[in-house]
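Have a look at the structure below before the remarks.
The values are calculated or read from the model by the stated rules, or taken from the named source; none is laboratory data. Please read all numbers here as calculations on a predicted model, not as lab measurements. Glycine gets a Cβ as well: all are built from the backbone with ideal geometry, and neighbour counts include every protein chain shown. Accessible surface areas use protein heavy atoms only, side chains included; no ligands, DNA or RNA. Shrake-Rupley method; radii C 1.70, N 1.55, O 1.52, S 1.80 Å.
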Amino acid sequence: MEWLIRSLVNPIMNRKFFTKIFVSISIVSFVGVFSLVYIYQHNFEKILTENEMERVQRSINQAGLNLDNQLNRVVQNVYYFFYYSDNGSELIEATDRSRIEKALEAYRTQYSSELESVFFMIKESNEGGAETLIYDQNLDRVPDIDYRSQAWYRYFLNKETDLWSKPTKEHLFYQDRSYSTIYLTLGKYDVEGRDGILVVRLNGKLFSDAFRLLAASDLLIELKDAGGHIVYSSFPTDISANRSVYLKMDSKLSYSGFEVQAYINQQAISDKVRKIQNVQPLVIALILLFTLLISFVLSLTLVQPIKKLLQLMKKVEIGDLDVRFTSKYTDEIGLLGRNFNKMLANLSGMIDKVYVVEMEKIHAEMKQKDATLLAMQNQINPHFLYNTLEVINCQAILNDVPAISRMSKAMADFFRYTIDNPKAEVELRVEIDHVRTYLEIQQERYPDIEIDLDELEPYNSYPIIKLTLQPIVENAFHYAFIGERDYYLKIYAGDIGEEAYALYIEDNGQGMDELAMAAMNELFALEFSDLPENDDTRKRGIGLLNVHHRIRLRYGAPFGLSLEESMTGGVTVRVWLPKEGKDSEDSSR
C-alpha cells in the first residue's frame, strides 16, 4: 500500500507548484462529485416520493378543510331555517301554504349554488293520516317518480330521520341536476298532531368542485361519508379495481366525519425519475467541467501570490525599497509577505513619517469640521424656540384664533419632549402623550383621519426608547394617507410571552408592494453598517430603520421592527420591546 501511494505521489511532486495544486484539487473534487452522484442515484426516487406525498397531503387537508367548513355552514343554515326561526313552526302548522312556498323558494334561491331542491312533507300523526308535500312553484316535479319509494320517506315514516343521508341517485324535480348526491333531512314529530320533515338536496358539484383542481390522471381522489359510502370519486371505471399501484393517503374531516382518500400513481413518480436520469450524464459532464474550471482558478489564485512575492524580491535585489507585498489572506503566504514588508519598513522610515504627517493633517481637518458643526448646533436655542411659540400662542388667544393657539402649544410640547427630556428610555405613557401631541398638529391638516389610542392603558408602565413611535406615525402620514377617502390610524399592544410585549401601528392607507415589504424586512435583519447606500426601499424607510437600529443597539436581537399587511390592505408596523428596560441614561450621550 505504501509503495502504491509513493508511486502515485512522486510523479506529482516532481511537477511545478501550480500542477501539484491543480491535480490535487481536481482529484478531491471528482471524488466528491461521484460520491454525491452515487448517493443521489440511490435516494432520489425515495425523496421524490416522500416530497410528493407530503405535498399531496397538505393539498387534500386544505381542500378537505374548505369542504368541511362549507358543509358546516350549509348545515347551520338548514338548522337555523328549520329550528331557530319561525319557519319550522309555520311549516308544521301549514296554515298559509303560499307563504310557506315563498319561504322555501327564498331559502333555496339564497343558497342556489349549494342546494338543488328544498321541500317539506307534512303527515297527520294518526295512522293513515293525510300527507302534504310542499315546495316552491319554481320546482318542476318529475311525474313518473313517487316520493313514497325513496329512502328519506321510509325513514320519516319510521321516525328515524338522520341529518346525513347515504349517497343516492333519488330525485323528485327536474332541477335536481346532480346524478348522485346527499340529502339533509330534519324532522319534527307529534307537533299539533302532525309530523314534518324538511328535505334539502345538496348540489353534487359541492363535492366535485372541492377537489376539481387536485384530481388528475396521476392523483385520484375519493370522498366517503361517515358510513364509508362513496360520495365522490375521480377513479375511471376501468382502473377502479386495480389500486395496488397507487400510494394511499387519508384525511378525516372533523365536522362532517367525511374521509378524503388520495391515491398517487407510483408509475408517474417512476417516470419522473427516469426523465431526470436521462439528463444525468449531461449534468455530470457539466459539473465536471465546472469543477475543472474552479480547480484551475483556485490553483491559479494560490500560486499567484507566491509568484508576486518572487517578483518583489527581484526588485529589492536591484535596490527598489518602495515595493510592498499586499494580501487579504492570513495564511502562511500572507504571513511571509507581512514579514517581507516589515523588513522593508526598517529601510523606508521616511515614508512612514510622511504618512503620519498626512494623517495628522486629515485628523485636524476633521476636528475643524466637527467644531464648525457644533457651533452651528449651539446657535439653536431651545428656550428662544419655546418663548417664540408661547408668544404666538398668546397672540392667537388674544386675537381669538384657537386653531393657531392649539398648534403653537402642541408644537411647543412637541419640541420640549424632544429637547428637554434627557432620558433615552421612558414609560410608554410618556411616549404616547408625545404621539398625541404630534397627532394634534397633524389633525389640523388631516381632520378626517380616525385615530384610535384607547387600548394601551395596561401597558403604560412598560419601557420604550424615546422617539420610537412618532417617526413611525409620521411615516404613515407621509406614505399611507394619499388620496381622498376615509383613513384610520390605530395603535394597540399585545403580550409576547412573559418578558416582552409588542406595539402595533396599523393603518388602512395605500399599503406596500409585497416585494418592497419583504425587502424592508430584510433590511431590518441587517446590521446598520451593512445597509446599502443607494436603495429606494432604504430611502423610503430611513425613519423606520433609524428606530429599528436604536432599539437593537439598546436591547439587542430579536427586538425591533417588522412590517406586515393589515387586514384592510394598509401596513401594520410591529414594534417588539422588552417589559423590563435598562437603567436610565442620558439620551444625549
- Item | Filter result for the condition that a residue is open to solvent by less than 50 Å² (accessible area, probe 1.4 Å), at pLDDT 80 or above, under 24 Å from ILE39 (Cβ atoms) and out of contact with any Cys (no Cβ under 6 Å at 6 or more places or on another chain), over LEU247, LEU253 | LEU247
- Report, by residue number, each residue of segment 99-138 that is buried (at least 16 other Cβ atoms within 10 Å of the Cβ) and assigned to a strand (DSSP E or B). LEU115, GLU116, SER117, VAL118, PHE119, PHE120, MET121, ILE122, LYS123, ILE134, TYR135
- Taking interchain pairs and intrachain pairs at least six residues apart, which have beta carbon atoms under 7 angstrom, with the first residue in segment 422-439 and without any contact (Cβ under 8 Å) to a residue 60 or more places away in the chain and the second of a type in the set (Val, Ile, Thr) and in a loop (DSSP other than H, G, I, E, B)? GLU431/THR468
- Task: Mind listing whichever residues of segment 452-500 are loosely packed, with under 15 Cβ neighbours inside 10 Å, over 20 Å from GLU580 (Cα atoms) and touching a Phe, Trp or Tyr at 6+ places or on another chain (Cβ under 8 Å)?
- Result: ASP452, GLU455, GLU474
- Query: Is it fair to say SER327 is open to solvent by less than 100 Å² (accessible area, probe 1.4 Å), closer than 30 Å to VAL37 by Cα and modelled with pLDDT under 75?
  - Reply: no
- Note on the structure: How many residues of segment 501-540 are among the charged types (D, E, K, R), modelled with pLDDT of 65 or more and in a helix (DSSP H, G or I)? The answer is 3
- In this structure, is GLY483 modelled with pLDDT under 85 and on the phi > 0 side of the Ramachandran plot? yes
- Out of the residues in segment 555-569 that are closer than 20 Å to LEU545 by Cβ and assigned to a loop (DSSP other than H, G, I, E, B), state the one that is modelled with the highest pLDDT. PHE559
- List the pairs whose first member sits in segment 501-528 and is at positive phi and open to solvent by 10 Å² or more (accessible area, probe 1.4 Å), whose second member is in a strand (DSSP E or B) and among the hydrophobic types (A, V, I, L, M, F, W, C), and whose Cβ atoms are under 8 Å apart, counting only residues at least 6 apart or on separate chains? GLY511/VAL571
- Task: Considering each of TYR79, TYR83, TYR147, TYR107 in turn, give the residue that is modelled with pLDDT of 90 or more, hydroxyl-bearing (Ser, Thr, Tyr) and either touching a Phe, Trp or Tyr at 6+ places or on another chain (Cβ under 6 Å) or within 15 Å of GLY196 (Cα to Cα) (or both).
- Result: TYR147
- Note on the structure: Here the residues within segment 139-169 that are open to solvent by 50 Å² or more (accessible area, probe 1.4 Å) and hydroxyl-bearing (Ser, Thr, Tyr) are SER149, TYR155
